[in-house]
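First up is the structure itself, then whatever we jot down about it.
The values are calculated or read from the model by the stated rules, or taken from the named source; none is laboratory data. Bear in mind that the values here come from a model prediction, so they are computed numbers and not experimental data. Virtual Cβ from ideal backbone geometry, glycine too; neighbours counted across all protein chains shown. Areas reflect the complete protein model, heavy atoms only, side chains present, ligands, DNA and RNA absent. Shrake-Rupley method; radii C 1.70, N 1.55, O 1.52, S 1.80 Å.
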Amino acid sequence: TFSGGRGVGFEGVLLAGAHLGATQLGFNIGAFVDPRPADGARAVGFEASVAWDHDLDASGTWALGGELGGVVFTSHDPTQLQVGFGPSFAATRWLDLSMTGLLGFLPGGDRYGLLLGMAPHMPLWKAQ
């Protein structure tokens, strides 16, 4: 929860991905209910996004990626639509570092931002 928030929030997301040569595509669709803020109604909405990553070298050390995502609220919050674009670097076999520029298109949502990311890789099972 967040400072001043009451209760708990919930989120469910369905993820899918495809690997086509040096290109990876990711898709998600989901819904959420945020905790109730002290001075208003809880945010409730549906979310979806598509992400694209393309390896820039044969070893997959450097990649370039883009994302398009949005949220439609059933509460009184404004609809959001953002794009992101930026490079990523495979620092080790188990850790990627990334930098993504974010640009929002609709009023009331995030307008711009810079995201710095660390993505650890943890296999859930090994292929035989």
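Points to keep in mind about this one:
- With eigenvalues of the C-alpha gyration tensor scaled by 5 and rooted, the chain, Å: 31, 18, 14
- If you take all other residues with their beta carbon under 15 Å from the beta carbon of SER59, and give Lys and Arg +1 and Asp and Glu -1, the sum is -3.
- A Förster radius of 30 Å combined with the Cβ-Cβ distance from ALA51 to SER3 puts the calculated FRET efficiency at roughly 0.50.
- Share of carbon and sulfur in the accessible heavy-atom surface of the chain [1.4 Å probe, %]: 65
- Calculated FRET value between LEU15 and THR79, using beta carbons and R₀ = 22 Å, to 0.05: 0.50
- Distance between the pseudo-spin-label points of LEU97 and VAL72 (7 Å out from Cα toward the beta carbon): 4.0 nm.
- Å² of accessible area per residue within the chain, as computed with a 1.4 Å probe and no ligands counted: 71
- Approximate spin-label separation SER59-LEU114, in nm, with each point projected 7 Å along Cα-to-Cβ: 2.7
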